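**Q** Here it is, the structure, as structure tokens.
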Amino acid sequence: MKLLFIFIIYLFFFINLSLAEDFEYLKKHNNSWIQVYTNLLKAQMLDDEIRDLEYSIKNANKKNKVELTQLLKLQKSKKKVLDELPQSFDSMLERISIKNDKKEISIVEYFLKSQKNNFAMENKKLRILQQEYMEALEYLTQELNAAKKQESKDSFKEEQLKKALEFFVSAKGLLEHKEEVLEHTKELYLHEIKSYEQTQLPKHLFNLSVILLIFVMFHILKYFITKQIEDEDHFFKVKKILNISFFLILFLVIIIFNIDNIIYAATLIGFIAAAITISMKEYLQSIISWFHLSFGDYVKIGDRVLLHINNNPIIGEIIDISLFKVSIYESINNTTSLELKRAGRVVFVPNNYFVSNYVYNYTHDKMKTIYDLIEFRIPFSADTKKVEEISTEITLEITERYMEVAAKQFVSLKKRYDMRSRDFRPRIHLVPDPIEPCFILYVWYVTPYHQIMEFKSQLSKKIVKRFQKENILFYEKEK
């Protein structure tokens, strides 16, 4: 049994070595046909070896069986690597193909003729394979003639070359068949193009002409309508209504043009809508929010708003409300002065933020004034009555005219909401500081939203100078 095992090992080694030498005549570089044929021969050889090894393992003793099993694994690994390479002419020719799914020719395909370019490319690839096939056939014929002329005859090599030539000659029909299929597919395609040109093309051109006419008429109508509008807020609303109306009309026209396939179109729209809903959730939320912002009136272009995004305050005027985002121009105010230390940036906020978060509007409806605050620290020993009188007097002097404006603006707000009447007189409060031994003087006053910093500066200077004149000291923290 041991002699049998050694004989098998040497036999495989000898076969591998001899066949490796026999395949040398087939190693013609850059010829895919010969490479595929060589892969086929090597695969057949490995199959035979694996089959013989499996038979020997069944009859071997325990010790030899382990070594034979290792050898079998090695041969199977080689076969696995070889199986990744093409081993038949069919698989090589399958790379040359034109998909013919019997789809109707569209107007885009009619003008671009992309399929025609595919035919030209596949034909070029077929010509290259035909040329390589002829080169392979010529090479094998020359090798066979050279082998026959040798003084020391190699009958095994001659036999292999004859088999190879017979195999290649029989494969010639595959090339001819592939050429016929390509030509037939091309003829069908050209026939479909001609049929489309005579039947569907006039209808599609008419449909496109109608859509183009609607587009032109809409823009002319939009120009004349918007030209008559002077109010800026009304202008933006009318403009948005016209744009939405245009898209709805266009959508209805397209449905009418495809009324024959309305069931198919409805199904397709359903699938597309579901896919869009899943993949574009945030964008759809912004679009829906855009309708809410456009036709609601809680915020509009020109309003000053305060937002908190990622715990960062953003305050400024709304300069644009588009389909996906609201653009805000950052203004100079208390927040930007004390916290951000910068202003004048354009901030882009997704529309859906305005639906799912708190938005502080400084200029809702006709209200263009807000309450602002100044703080001072006064020692407990100060004359609090005098402090209140001076603060009230100076604040009234500066803000009196805006109190009347705020009262008039509030009337409009009161008509819309259930609100009590408001007195816009200054509010002066003295409250003990919870940390330091002093009073905090709160001075609330009404001011135009766009002049907050100017009024704060003007009012602060007058109060400080008046306190100094009346010998009212400010609290200073002990060092």
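**Q** Being among the β-branched types (Val, Ile, Thr) and over 18 Å from residue 450 (Cβ atoms) is the filter; apply it to region 348-364 and report the residue that is surrounded by the fewest Cβ atoms within 10 Å (Cβ to Cβ).
**A** In the first step, residues of region 348-364 are kept if they are among the β-branched types (Val, Ile, Thr); the result is 349, 355, 359, 363.
Subsequent filtering for residues that are over 18 Å from residue 450 (Cβ atoms) retains 349, 355, 359.
Values: 349: 19, 355: 15, 359: 17.
Restricting to residues being among the β-branched types (Val, Ile, Thr) and over 18 Å from residue 450 (Cβ atoms), the top hit is 355.
**Q** Next up: Test residue 371 against the criterion of being surrounded by fewer than 15 Cβ atoms within 10 Å (Cβ to Cβ), under 33 Å from the mean Cα position of the chain (by Cα) and either under 30 Å from residue 411 (Cα atoms) or modelled with pLDDT under 85 (or both), and give yes or no.
**A** So residue 371 fails the test.
**Q** Separate question: Pick from region 128-162 the residues that are part of a helix (DSSP H, G or I) and polar (S, T, N, Q): which of them is modelled with the lowest pLDDT?
**A** 155
**Q** Oh, and also: Pull up region 46-59, narrow it to residues that are surrounded by 18 or more Cβ atoms within 10 Å (Cβ to Cβ) and aliphatic (A, V, I, L, M), then point me to the one that is farthest from residue 161 (Cα to Cα).
**A** Top of the filtered list is 53.
**Q** Residue under question is residue 376, and the condition is that it be more than 30 Å from residue 309 (Cα to Cα), loosely packed, with under 13 Cβ neighbours inside 10 Å, of a type outside the set (D, E, K, R) and touching a residue at least 40 places away in the same chain (Cβ under 8 Å); does it hold?
**A** So residue 376 does not fit the description; no.
**Q** For the structure I just gave you, tell me whether residue 462 is over 55 Å from the mean Cα position of the chain (by Cα), touching a residue at least 24 places away in the same chain (Cβ under 8 Å), assigned by TED's automatic domain parsing to the domain that holds residue 402 and in a helix (DSSP H, G or I).
**A** So residue 462 fits the description; yes.
**Q** Please specify each residue of region 104-127 satisfying the condition of being loosely packed, with under 13 Cβ neighbours inside 10 Å and in contact with a helix residue (DSSP H, G or I) (Cβ under 9 Å, 6 or more places away or on another chain).
**A** The answer is 104, 106, 108, 114.
**Q** Output the residue which, of all residues in region 128-147 that are of a type in the set (D, E, K, R) and surrounded by 12 or more Cβ atoms within 10 Å (Cβ to Cβ), is farthest from residue 201 (Cα to Cα).
**A** 143
**Q** Does any residue in region 438-455 that is farther than 12 Å from residue 371 by Cα come within less than 6 Å, Cβ to Cβ, of a residue that is crowded, with 16+ Cβ neighbours inside 10 Å and among the hydroxyl-bearing types (Ser, Thr, Tyr) six or more places away or on a different chain, and which pairs are these?
**A** Pairs that qualify, where the first residue is farther than 12 Å from residue 371 by Cα and the partner is crowded, with 16+ Cβ neighbours inside 10 Å and among the hydroxyl-bearing types (Ser, Thr, Tyr), are 438/475.
**Q** Additional query: Which condition does residue 468 not pass, out of (1) surrounded by 17 or more Cβ atoms within 10 Å (Cβ to Cβ); (2) over 54 Å from the mean Cα position of the chain (by Cα), if it passes all the others?
**A** Among (1) surrounded by 17 or more Cβ atoms within 10 Å (Cβ to Cβ); (2) over 54 Å from the mean Cα position of the chain (by Cα), residue 468 violates only (1).
**Q** I've got another one for you. Looking at region 418-443 only, could you name the residues that are surrounded by 15 or more Cβ atoms within 10 Å (Cβ to Cβ) and closer than 25 Å to residue 362 by Cβ?
**A** Answer for region 418-443, where residues must be surrounded by 15 or more Cβ atoms within 10 Å (Cβ to Cβ) and closer than 25 Å to residue 362 by Cβ: 424, 425, 426, 427, 428, 440, 441, 442, 443.
The values are calculated or read from the model by the stated rules, or taken from the named source; none is laboratory data. These numbers were taken from a predicted model, which means no experiment stands behind them. When we count neighbours, we look across all protein chains shown, and the Cβ atoms used for this are built from the backbone with ideal geometry, even at glycine.
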